[in-house]
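Take a look at the structure set out below.
A short reminder: the numbers here are calculations on the coordinates, not readings from a lab. These numbers were taken from a predicted model, which means no experiment stands behind them. Quick reminder, even Gly has a Cβ in these numbers, built from the backbone with ideal geometry, and neighbours come from all protein chains shown.
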Amino acid sequence: MDWGLRNRLARIIMPDTGRSVMLAVDHGYFLGPTSRLEVPRKTIMPLAPYADALMLTRGILRSSIDTSVHNSIVLRVSGGTSIVGEDLSNEGLITAMDDAVRCNASGVALSIFVGSKHERQTLLALSQLVDEGHKVGMPVLAVTAVGKELGKRDARYLSLASRIAAEIGAHVVKTYYCDGFEKVVESCPVPIVVAGGPKLTEKDALELTFNSIKAGAVGVDMGRNIWQSDNPIPMIKAVRKIVHEDATAKQGYDLYKKLCKEK
Ligand code: R5P
């Protein structure tokens, strides 16, 4: 791996802890103005100081994020579908690699839809992205999409999708927590970050964070469970404590409650 690619990766997975808190705010790429992300700047900017990386599209980056932020940028570069369209798995590349470089991205992210009728096209797009990324030293994060029509969100399916992503050359895999998650981590030879999924109680989301780290994930790429919380800043601080300071779920939740009281 060349220096540039390793340097970019080190801006996503922090070298001092080997962990990462990524704030996922890319949902609008197929969901439009998602609840509590209607005005991206208002949601994202107050949380940015507590995230290592921001995961978002180039449109939101250019329109809504100050150039002075400290965060590394992981650019969502797959899309082309919408929640009212026919098939969410029918994604293609929506951003060229040279534009990702212009955006000073530290990584690019693409979803794969293993088990869907567009499985092949999304896996070939991943392969193309890895090849283009290597030309400029850009790491690729593969997101294992889940959905009704895909496999169950269990260790068997998530191991399959994560391993395929790593085999094709993804540098980091983003997937979902499940029972037996250790098996998913063990059989995936590249670092895994966990998505938060639909909104849970804060206590449950912090447990999910703790369990993911305990099972070997290097961090989270979390969205709704942070910015759909009534207390997003206490929530992201609690997530950070678990991810970067090895706090337990209880210690994280105690911090969350304490910060809410102080507000
Ligand atoms: C989904 O494909 C999007 O890429 C989101 O970034 C991802 O689902 C993580 O966000 P959340 O924690 O809200 O699930």
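Relative contact order, percent, of the range 1-153 when contacts are C-alpha pairs under 8 Å separated by at least 6 residues?
It comes to 22 percent, rounded to a whole number.
Take the cross-link list 152/214; 117/152; 174/258 and give me the ones stretching past 19 Å between alpha-carbons.
Distance filter (> 19 Å) returns 152/214; 174/258.
What residues have an amide H closer than 5 Å to that of residue 174, excluding those fewer than 5 places away on the same chain, when H is modeled at 1.01 Å from N in the peptide plane?
Correct list: 142, 143, 144, 193.
In whole Hz, with x marking every Gly and Pro, tabulate ³J(HN,Hα) for the range 175-187 from phi via Karplus 6.51 cos²θ - 1.76 cosθ + 1.60, θ = phi - 60°.
Using θ = phi - 60°, the values come out as 9, 10, 6, 8, 4, x, 4, 3, 5, 5, 5, 4, 8 Hz.
Modelled label-to-label distance, residue 101 and residue 62, 7 Å Cα→beta-carbon offset: nm?
Between residue 101 and residue 62, the simple spin-label model gives 1.8 nm.
For a paramagnetic label modelled at 7 Å from the Cα of residue 134 toward its Cβ, which residues of the range 172-187 fall within the zone defined by backbone nitrogen distances under 18 Å?
172-173
So for the chain: antiparallel DSSP bridges make up what percent, rounded to the nearest 5?
10 percent
For residue 82 paired with residue 48, estimate the spin-label separation in nm (one decimal), with each label point 7 Å from Cα along the Cα-to-Cβ line.
Label at residue 82, label at residue 48, 2.8 nm between them.
Would you look at the GNM of the chain, springs on alpha carbons closer than 10 Å, and say which of 111, 229, 212 moves the most?
In this elastic network of the chain, the residue with the biggest mean-square fluctuation among 111, 229, 212 is 229.
Running a GNM on the chain with Cα contacts under 10 Å, which residue among 94, 242, 226 ends up with the highest mean-square fluctuation?
94
How would the range 1-114 be classified by its alpha-carbon gyration tensor: rounded, prolate or oblate, with rounded meaning a/c under 1.5 and the a/b versus b/c comparison settling the rest?
Because a/c hits 1.5 or more and a/b fails to exceed b/c, the range 1-114 counts as oblate.
How would you classify the range 116-188 from its alpha-carbon gyration tensor, with a ≥ b ≥ c the square roots of the eigenvalues: rounded for a/c under 1.5, else prolate if a/b is greater than b/c, otherwise oblate?
oblate
What is the chain's relative contact order, in percent, from Cα pairs under 8 angstrom and six or more apart in sequence?
17 percent
Along each of its three principal axes, how wide is the spread of alpha-carbon positions in the chain, in whole angstrom units, largest first?
Between the extreme Cα coordinates on each principal axis of the chain lie 49, 42, 41 Å.
Kindly put 240, 6, 120, 36 in sequence by how many other C-beta atoms sit within 10 Å of each C-beta, fewest to most.
Going from least to most buried by this count: 120, 6, 36, 240.
Can you sort 208, 141 by how many other beta carbons sit within 10 Å, fewest first?
Ascending number of Cβ neighbours within 10 Å: 208, 141.
Whole-Hz ³J(HN,Hα) for each residue in the range 117-130, computed from phi via Karplus 6.51 cos²θ - 1.76 cosθ + 1.60 with θ = phi - 60°, x for glycine and proline: what do you get?
6, 9, 3, 4, 5, 6, 6, 5, 5, 4, 4, 4, 5, 4
Can you check what the net charge comes to around residue 35, using other residues whose Cβ is under 10 Å from the Cβ of residue 35 (Lys, Arg +1; Asp, Glu -1)?
Local net charge: +2.
Provide the convex hull volume over Cα atoms per residue for the range 142-263, in Å³.
Spelled out: Cα convex hull of the range 142-263, divided by residues, is 92 Å³.
Residue by residue through the range 240-256, which ³J(HN,Hα) values in whole Hz follow from phi under the Karplus form 6.51 cos²θ - 1.76 cosθ + 1.60 (θ = phi - 60°), with glycine and proline marked x?
4, 4, 6, 5, 9, 10, 6, 5, 6, 4, 5, 4, x, 5, 4, 5, 4
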